[in-house]
1. Are there any strands (runs of 3 or more DSSP E) wholly within region 96-192 with 1 or more residues that are on the phi > 0 side of the Ramachandran plot and in contact with a strand residue (DSSP E or B) (Cβ under 9 Å, 6 or more places away or on another chain), and if so which?
2. Sort through G69, G82, G173 and tell me the only one that's not assigned by TED's automatic domain parsing to the domain that holds R41 and not hydrophobic (A, V, I, L, M, F, W, C).
3. Quick check on region 75-95: of everything there that is assigned to a loop (DSSP other than H, G, I, E, B) and at pLDDT below 85, which residue is nearest to E144 (Cα to Cα)?
4. Look through region 123-137, keep the residues that are in contact with a helix residue (DSSP H, G or I) (Cβ under 8 Å, 6 or more places away or on another chain) and over 14 Å from Y87 (Cα atoms), and return whichever of them is surrounded by the fewest Cβ atoms within 10 Å (Cβ to Cβ).
5. Just checking, does region 14-36 include any residue being at pLDDT 90 or above and crowded, with 16+ Cβ neighbours inside 10 Å?
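The values are calculated or read from the model by the stated rules, or taken from the named source; none is laboratory data. These numbers come from a predicted model, not from an experiment. So basically every Cβ, Gly included, is an ideal-geometry build from the backbone, and we count neighbours across all protein chains shown.
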Amino acid sequence: MLRPIRVHLVYLEGQVKRVALLAVVMLLTLAAPAAAQEGRRISVGELLQEAATVNGQVVVVGELIGDYGFRSDGSMWTQLNGDTYAYDPTLEGGPLTGGNVGVAVRIPTAIAELLDKPGGYRVRGPVVRVVGQWEYHDPHRGGESYIDVTALDILEPGQGLVEHPNYLVIAVGFVLIAAAALLRRGSIRARR
């Protein structure tokens, strides 16, 4: 005779929770190289251009930007940008090239909690390699297209960016102010 077995969930607290979380992340990180070989390597731009024809696992590299939107289903949503600004931010002297190109990613909370804050103005988010299932117009998520991440490698941690003054713009501003003052002075004299 078969009897049902009851399983009681124990909520982990404190140090045990951190160790368990670290163990899960380590397992996912160790599994990433194997999973990466199974997925198609593709850039964010290529993924967006070929969105309807891409099927299965993908491997994409980029910078996590925007906000981290944690959900009650144990996931976190954010944007993965794969443009040149991820590697060469303009505040660090990088050129203005191309547009901002990104794709939505859905990451398990266990992984997401260990990430540096996402990129934005004066912050470069973590540059990551994600492995996951490409979901094109997922009917279960209101038609959203996104990468459902199964593994993530942090290639470069997030970092603060320092905005340096543009001395040329400051100098031109002072010249224009001086020119306006001289013109004003000349117009006052001409009225007398």
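1. Numbers: elements: 102-108, 127-138, 144-156.
Ranges flagged: 127-138.
2. Exactly one residue qualifies, and that residue is G173.
3. Step by step, filter region 75-95, then rank; the result is D83.
4. E135
5. No, that holds for no residue.
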